[in-house]
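Trainee: One structure follows; several queries about it will come next.
The values are calculated or read from the model by the stated rules, or taken from the named source; none is laboratory data. Source: prediction; values computed, not measured. Heads up, the Cβs are rebuilt from the backbone with ideal geometry, glycines too, and the neighbour counts pull from every protein chain shown. All accessible areas refer to the heavy atoms of the entire protein, side chains included, with ligands and DNA or RNA removed. Shrake-Rupley method; radii C 1.70, N 1.55, O 1.52, S 1.80 Å.
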Amino acid sequence: MQTGFTSLTALSSASNFMWRPAKSTTMTFRTYIRPRQYGQLSFKLWHSNTVDSTWADGSESKANDQGGQWRIESCFVADGGLQPDGSVAEDSVRPVMFGGEVSRNVEKGEQFWSDQVSVLIPEHHFLAFSWSITVDGNENGLPFNTETLLASAYEAEGDLAGQASANLYAPAGNRQVLPSLLAYEKAVSKQIVFLGDSITQGVRTEQDGYAFWAAKIGAGLGADIGVWNIGSGWARAYDLVDDSPWLNKAKFGDEVVICLGVNDIGTANRSAEQLKADLTAIIQQLIENKPGLAVWLCTLPAFNFEGEHELVWRTVNDWIRTGSAAGVAGVFDMAKVLGQAAPNDQLLQAAYMSPHNDPHPNGHAGTAVAEAFLDWYTEHTK
């Protein structure tokens, strides 16, 4: 991360999928972001043209898949207003440039920064980010995040990023296309990165509500501490073990909060020994890269596991709680906050379930985790 800049939002902009249109296609993607601060913001973006984490069984997209060649036709930030309805305040639209140019060709797997631009976002208004992108057929994929959308997003065919009205825009469904980092100029005392899966991303919580625990922790810490959420749906620890671009994002932090393992158990059927080895490798890479970096390790959240999966969950959590993971600055027991009373502590409390008995923690759980974390963090950082 460039000195003097920090993440503008607690919303995750990690990627776990690839858009591959059948033919050359230009689409505009407009997303409404709740910024951590309001007023005159000096904005820039950073992007990594690579998929961060594996989706489902990995047959369609997996960690470290490189995006292909594509082109940014135009890019703008604007005052998105109080309601994210597809339009923006016409007199607020500001172009985001790249080396003084309005467009940019993006190369396979490339990482890059934009130029800096100033935009005014009034109190409680959204920042609207819009960019028009051309992808030349299915051999050139564009990384994005597919999940239940946590931020209102719209799409339109053609190059309409600079258009203020909502004309021709339609709701995006389950496709969030954002740069890897939406940053603003802000001196902070430290940068905290939240690294995890859909539970860290906040999947199943209220759209535009920022009710997930990472966002509520960020609000509790205040804007003088930088917060970058890189949680990604379906992610697993082994996505990070080979010094991946996703892990390199975490290395921007002065502190990293890790909450991984649920998908390693429930989707990938990893053993306890495999998961412990992967978490150990992640921690070692982080602290070897940046001496003094603090790693805060969370126990694996309660996720209604049964049978062999429950046994692995318990074994790994016992390993985490006993401090066996070398190099960890401290352990936050998220499982204890979310789980039912023993011996059913692997089960999420009923009040914290998402609709349809989904064990992804809801907004009430986000509040409980954030309050417990902030109390715990205050004690551990005195």
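Trainee: Can you work out the FRET efficiency for the pair residue 103 and residue 340, with r the C-beta to C-beta distance and R0 = 45 Å, to the nearest 0.05?
Mentor: Efficiency, rounded to the nearest 0.05: 0.25.
Trainee: Using a probe of 1.4 angstrom, how much of the accessible area of the chain is carbon and sulfur, in percent?
Mentor: Details: 6790 of 14350 Å².
The nonpolar share, carbon plus sulfur, comes to 47 percent.
Trainee: Tell me, what is the FRET efficiency for residue 190 and residue 94 to the nearest 0.05, using R0 = 41 angstrom and their Cβ-Cβ distance as r? Each step should come with its number before you reach the end.
Mentor: Numbers: r = 29 Å, r/R0 = 0.71.
It comes to 0.90.
Trainee: Residues of the chain: accessible area per residue at 1.4 Å, in Å²? Walk me through the intermediate numbers first.
Mentor: On the way: 14350 Å² over 382 residues.
That works out to 38 Å² for each residue.
Trainee: Over 21 Å between Cα atoms, which of 62/108; 336/382; 186/249 qualify?
Mentor: Listed pairs above 21 Å: 336/382.
Trainee: Using a Förster distance of 22 angstrom, determine the FRET efficiency expected from the C-beta separation of residue 124 and residue 382, and round it to 0.05.
Mentor: On the way: r = 33 Å, r/R0 = 1.52.
After rounding, the FRET efficiency stands at 0.10.
Trainee: Could you pull out the trypsin sites (Lys or Arg not before Pro) across region 1-101 that fall in loop regions by DSSP (anything but H, G, I, E, B) with no more than 12 other Cβ atoms inside 10 Å?
Mentor: Values: sites: 23, 30, 36, 44, 62, 71; in loops: 23, 36, 62.
Sparse-neighbourhood loop trypsin sites (Lys or Arg not before Pro): 23.
Trainee: How far is helix 363-380 tilted off the main Cα axis of the chain, in degrees rounded to 10, range 0 to 90?
Mentor: The answer is roughly 70 degrees.
Trainee: Using modelled amide H (1.01 Å from N, peptide plane; none on Pro or chain starts), what sits under 5 Å from the amide H of residue 70, excluding residues fewer than 5 places away?
Mentor: Residues meeting the amide H criterion: 106.
Trainee: From the helices alone, meaning DSSP H stretches of at least four residues, give me the mean residue ellipticity at 222 nm for the chain, per-run term -39500 (n - 2.57), in deg cm²/dmol to the nearest 500.
Mentor: Working: 8 runs with 80 residues, N = 382.
Per the formula, -6000 deg cm²/dmol.
Trainee: Right, something else. Output needed: Cys residues of the chain lacking any neighbouring Cys C-beta below 4.7 Å, sorted by number.
Mentor: Those would be 75, since no other cysteine Cβ in the chain comes under 4.7 Å of theirs.
Trainee: Then there's this: Starting with the highest mean, order 282-289, 88-95 by the number of other Cβ atoms within 10 Å, averaged over the residues of each peptide. Let's see the in-between values first.
Mentor: Details: 282-289: 18.0, 88-95: 16.4.
Result, highest mean first: 282-289, 88-95.
Trainee: Further, regarding this structure: When the label point is put 7 Å from the Cα of residue 165 along its Cα-to-beta-carbon vector, which residues of region 92-111 have a backbone N closer than 18 Å?
Mentor: Within reach of a label on residue 165, which here means backbone N under 18 Å from a point 7 Å along Cα→Cβ, region 92-111 contributes 92-93.
Trainee: First check a/c for region 208-257, with a ≥ b ≥ c the square roots of the eigenvalues of its C-alpha gyration tensor; if it is under 1.5, answer rounded, and if not, answer prolate when a/b is larger than b/c or oblate otherwise. All intermediate terms of the calculation are to be shown ahead of the outcome.
Mentor: Working: a/c = 3.19, a/b = 1.56, b/c = 2.04.
Cα axes put region 208-257 in the oblate bin.
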